Amino acid sequence: MVASLADQPSTRLLKHIIRCYLRLSDNQRACGGLRGCLPEMLKDGTFNNCLRDDPATRRWLTQLLHNVSNTNLGASLQQGGFDHLMGN
């Protein structure tokens with residue numbers, strides 16, 4: 001589903017997909033599974049243009065990536081690190 005969005009972007013569908021993955025990442029066991037199978041396109045900036053005008057979904061994607069990576073992005077996000085992450 002995510003791969004097809006790269007060819008035919010739908011911001012609305014992408015928003016729902018990101019939100020579903022984010023909800024899964026709230027569960028420790030599911031989050032561990034996502035580490036190995038989260039689509040690379042969600043991590044590599046493929047959808048940056050789609051999310052440019054949707055701050056809520058960008059925030060969800062950032063939180064998802066944080067949950068899955070287990071790194072502390074909090075400090076960098078407070079210093080404008082999100083813009084760097086989104087390629088701005």
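Coordinate-derived values only; no laboratory data. Not measured: the values here are computed from a predicted model. Cβ: placed from backbone, ideal geometry, glycine included. Neighbour counts: every protein chain shown.
Once the Cα-Cα distance is subtracted from the 0.36 nm per residue extended length, the ALA3 to ASN70 segment shows a gain of 21.7 nm. Modelled this way, with points 7 Å down the Cα-to-C-beta line, the labels at MET41 and ASP26 are 2.6 nm from one another. Averaging over every viewing direction, what projected area does the convex hull of the Cα atoms of the stretch 1-46 cover, in nm²? It is 3.1 nm².
Working note: Karplus 6.51/-1.76/1.60 with θ = phi - 60° gives the stretch 38-43 the couplings 5, x, 4, 5, 6, 9 Hz, where Gly and Pro are set to x.
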